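The values are calculated or read from the model by the stated rules, or taken from the named source; none is laboratory data. Computed from a prediction, not measured in an experiment: that's the story for all the values here. With ideal geometry, Cβ positions are generated from the backbone for all residues, glycine too; neighbour counts draw on all protein chains shown.
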Amino acid sequence: MDLTKTHTIVLDEGDPELKRKEILDYFHATFTVDERLYDALKDDGAFYLRADRLRHPLIFYFGHTATFFVNKLVIARVIQNRINPRFEALFAVGVDEMSWDDLDETHYDWPGRAEVKQYRDKVRELVDELIRTMPLTLPITWEDPFWAIVMGIEHERIHLETSSVLIRQLPIERVQPLDFWAICRDCGEPPANELLPVPGGKVTLGKGDRHPLYGWDNEYGRHEATVEEFAASRYLVSNREFLSFVEDGGYGERRWWTEEGWNWRGFKEAGYPLFWVPRKEGWGLRTMLEVIDLPWNWPVEVNYLEAKAFCNWLAARSGKPIRLPSEDEWNRLRDLADIPDAPQWSEAPGNINLEYWASSCPVDRFASGDFFDVIGNVWQWTETPIYPFHGFRVHPWYDDFSTPTFDTRHNLIKGGSWISTGNEATRDSRYAFRRHFFQHAGFRYVESTEPVPLHEDPYETDVLTAQYCDAHYGPGHFGVPNYPRACAQICLELTRGRARGHALDLGCALGRASFELARGFERVTGLDFSSRFFRLATRLQEDGYLRYALPEEGEVVSYHELNLADLDLEGVRDSVGFFQADACNLPEKFTGYDLVLAANLIDRLYSPRRFLAGIHHRINPGGLLVIASPYSWQEEFTTKQEWLGGYREAGEPVWSLDGLKAALSQHFRMMGEPRDLPFVIRETRRKFQHSVAELTVWELK
């Protein structure tokens, strides 16, 4: 199979057994090309270098793409047994530059490269066997076990690209050129860039539920817009064109930069693009594995902040309203270019999909009508921060793929680069990165007086998270005390006179109990598996406030703002840290707690018995485990064999408290009697859920 000409798979038609073979080939091609990327590292030591201080060393990513398969297959209930629980916790979280990522190297004991390779081999064998033996019917949809397989494949293809960017930032002496990663050798002077008219028209974006290709959740839904006529640059901005900005002192002129851009420029002390190499003999360019003479006719590679500054400079210089295109404008240009989608390619219509080189190429090589590099060569920055389309739904197996980026801080990049494969190379792909982020990304500019529509909603409108905002921080309902606050107060009462060093709030959701525990504990860690919830806790911690929209009746909503200062929690902000983690497979670093609170968690775990069997390792001698739950067992979350109670055995009912006692008695003693703790979840103005949790306290023997 040609590793450089694979395409994402059509999932809704064909013979099932032929489709099975197609998926199998696609999986192995993906796994192999990913490992060939790491062959470019000259020695094992290079795996442990931090190419970017805001990223893990490459050994993390080498393990991450394999553990992703296992973790998602567990969540999707395709498998029950893990291959290596330690690896599947160690390599699970910390990929992206989010405020909750833990990049403290003292928290990690990285395994050897050979050990990780052995693990990858076992994952390959597991997934191979699943593809060969699982029942397969078409179409493959969101709920299908094969969707989890394809999700893992497409995820690995994303990291093929992002890891290549990190390798590009390693010291050149730690990498080695390989034939598989041969670069383009064509260079010279670029043609003069020019603006060409693009007629206006309607743009329709978004996939339907039965779209034939795999997609990430942000691609689904619907968006329609009417784009006014604009002009766009015929070519991507080349290194030569960008040199004029550099030589004109553009990096030193505050007036060209946004406030965010100027702060970044000062912090990085940037004076030219990251991959340019100043040399006595003239500028060089760092490709992934070589330093070559700077090809002036290749596209410049910069972050959004630099691209924006260039556009502001060019606007002043030309007297024209120059800016980056919006997502809608970019899609209008692509639609007019009439480029088929990736599975229909016999040959890639641009420098994309690894079909030509492992580098950029001249900006006048691939034409689509009057424009060049409409897709491929380098990604193209847009002015549009990513946002959800109407009808957006979070995929339950990967709920933190998109939602953390809906913060107006992540701008969309479009079109793909030379190493964009799989879903990345499709028409409907939507990837967004922080504006200071470096990818194989450049830009083209447009001339337009039309304002760029920013789909910025300062209010959290997701129904479930809005409900939890209200439950954690809103006013009480029907005289029932605030539940997370009540849990935390009980914990503080129980620990009076005991050690109060470090507390763990497991299943912290939006973090109210974590903040409340910080009134008495020196440190509090809040962990949740779903970033859909705790990303808001992180935002609240950073900003001190949060806005949300509550459903009132039908489409009518009310707008609310909560403030830590109003809750007398402003002073504890710095004592709390939020992270993403799986309670059933906690990373080793989460240990040494005087108190562990697990509120409304136990009956939402996929393996509560595994959680209970290992939690004593995380607690200091004499420490407390506090569990509160309404025991609302559902097979949607927990298979029946994992239920602690709520079933009959030999004709007799088994209660969850009995299950807790059986699971914990070896290491814990129960303190006192269980107590009832009510809570209310507001759904709408006239609909509420009133539940009663049972709270039990367990002391480590």
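If you take the residues in region 512-549 that are at pLDDT below 95 and of a type in the set (S, T, N, Q), which one is surrounded by the fewest Cβ atoms within 10 Å (Cβ to Cβ)?
For region 512-549, the residue satisfying everything is Ser530.
Being small (Gly, Ala, Ser) and more than 23 Å from Gly200 (Cα to Cα) is the filter here, so list the residues in region 336-375 that pass it.
Initial filter on region 336-375 (small (Gly, Ala, Ser)): 337, 342, 346, 348, 350, 358-360, 367-369.
Matches in region 336-375: Ala342, Ser346, Ala348, Gly350, Ala358, Ser359, Ser360.
Does region 519-531 contain at least one residue that is in contact (Cβ under 8 Å) with a residue 60 or more places away in the chain, part of a helix (DSSP H, G or I), outside the structural domain of Pro404 (by TED's automatic domain parsing) and under 25 Å from the mean Cα position of the chain (by Cα)? Spell out how you get there, then give the answer.
The first filter runs over region 519-531 and keeps only residues in contact (Cβ under 8 Å) with a residue 60 or more places away in the chain, leaving 521, 525, 527, 530-531.
Checking which are part of a helix (DSSP H, G or I) leaves us with 531.
Applying the additional criterion that residues be outside the structural domain of Pro404 (by TED's automatic domain parsing) yields 531.
Now narrow it down to the ones that are under 25 Å from the mean Cα position of the chain (by Cα): 531.
There is at least one residue in region 519-531 that is in contact (Cβ under 8 Å) with a residue 60 or more places away in the chain, part of a helix (DSSP H, G or I), outside the structural domain of Pro404 (by TED's automatic domain parsing) and under 25 Å from the mean Cα position of the chain (by Cα).
Just the residues that are crowded, with 19+ Cβ neighbours inside 10 Å and either of a type in the set (Val, Ile, Thr) or farther than 15 Å from Phe438 by Cβ (or both), please, taken from region 252-268.
Trp256, Trp257
Can you name every one of the strands (runs of 3 or more DSSP E) wholly within region 274-390 that holds 3 or more residues which are crowded, with 21+ Cβ neighbours inside 10 Å?
Details: elements: 284-286, 291-293, 379-385.
Counting at least 3 such residues, we get 379-385.
With closer than 20 Å to Thr696 by Cα and either small (Gly, Ala, Ser) or touching an Asp or Glu at 6+ places or on another chain (Cβ under 7 Å) (or both) as the only criterion, which of Arg485, Arg532 stands out?
Details: Arg532 fails: closer than 20 Å to Thr696 by Cα.
Just a single option satisfies the conditions, and that option is Arg485.
Exactly one of (1) more than 26 Å from Pro325 (Cβ to Cβ); (2) buried (at least 22 other Cβ atoms within 10 Å of the Cβ); (3) among the aliphatic types (A, V, I, L, M) is unmet by Ala182. Its number?
(2)
Where the second residue is surrounded by 15 or more Cβ atoms within 10 Å (Cβ to Cβ) and in a helix (DSSP H, G or I) and the first is in contact (Cβ under 8 Å) with a residue 40 or more places away in the chain and among the acidic types (Asp, Glu) and lies in region 249-266, which pairs have Cβ atoms under 9 Å and are six or more apart or on separate chains?
Taking only residues 6 or more apart or on different chains, the pairs are Glu253/Ala309; Glu253/Trp313; Glu260/Leu305.
Residues that are within 31 Å of the chain's Cα centre (by Cα): list the strands (runs of 3 or more DSSP E) wholly contained in region 612-701 that include at least 1 such residues. Don't jump to the end; show me each part of the working.
Values: elements: 619-629, 647-649, 652-654, 668-684, 687-700.
By residue number, 619-629, 668-684.
Is it true that some residue in region 491-498 is touching a residue at least 40 places away in the same chain (Cβ under 8 Å), assigned by TED's automatic domain parsing to the domain that holds Val626 and surrounded by fewer than 16 Cβ atoms within 10 Å (Cβ to Cβ)?
If we filter region 491-498 for residues that are touching a residue at least 40 places away in the same chain (Cβ under 8 Å), which is where we start, we get 491, 494-495, 498.
From the residues that got through so far, the ones that are assigned by TED's automatic domain parsing to the domain that holds Val626 too are 491, 494-495, 498.
The next check asks that each one be surrounded by fewer than 16 Cβ atoms within 10 Å (Cβ to Cβ); those that pass are 498.
Within region 491-498, one or more residues are touching a residue at least 40 places away in the same chain (Cβ under 8 Å), assigned by TED's automatic domain parsing to the domain that holds Val626 and surrounded by fewer than 16 Cβ atoms within 10 Å (Cβ to Cβ).
Here's the yes/no breakdown for (1) among the small types (Gly, Ala, Ser); (2) within 16 Å of the chain's Cα centre (by Cα); (3) at pLDDT 95 or above:
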| site | (1), (2), (3) |
| --- | --- |
| Ile419 | no, no, yes |
| Asn423 | no, yes, yes |
| Asp428 | no, no, yes |
| Val446 | no, no, yes |
| His455 | no, no, no |
| Pro484 | no, no, yes |
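From the residues in region 492-523 that are among the charged types (D, E, K, R) and touching a helix residue (DSSP H, G or I) at 6+ places or on another chain (Cβ under 8 Å), which one is nearest to Leu536 (Cα to Cα)? Steps first, answer last, please.
Applying the first criterion (among the charged types (D, E, K, R)) to region 492-523 yields 493, 496, 498, 500, 505, 512, 516, 519, 522-523.
Next, only the ones that are touching a helix residue (DSSP H, G or I) at 6+ places or on another chain (Cβ under 8 Å) stay: 505, 512, 516, 519, 522-523.
Numbers: Asp505: 15, Arg512: 11, Glu516: 16, Arg519: 20, Glu522: 22, Arg523: 20 Å.
So the residue we want is Arg512.
Here is a list: Arg174, Arg222, Arg210. Which entry is in contact (Cβ under 8 Å) with a residue 60 or more places away in the chain and surrounded by 15 or more Cβ atoms within 10 Å (Cβ to Cβ)? Give the steps one after another, and end with the answer.
On the way: Arg222 fails: surrounded by 15 or more Cβ atoms within 10 Å (Cβ to Cβ); Arg210 fails: surrounded by 15 or more Cβ atoms within 10 Å (Cβ to Cβ).
Criteria check complete, one pass: Arg174.
Which condition number does Asn620 fail, the rest of (1) surrounded by 12 or more Cβ atoms within 10 Å (Cβ to Cβ); (2) within 21 Å of Leu677 (Cβ to Cβ) being met?
(2)
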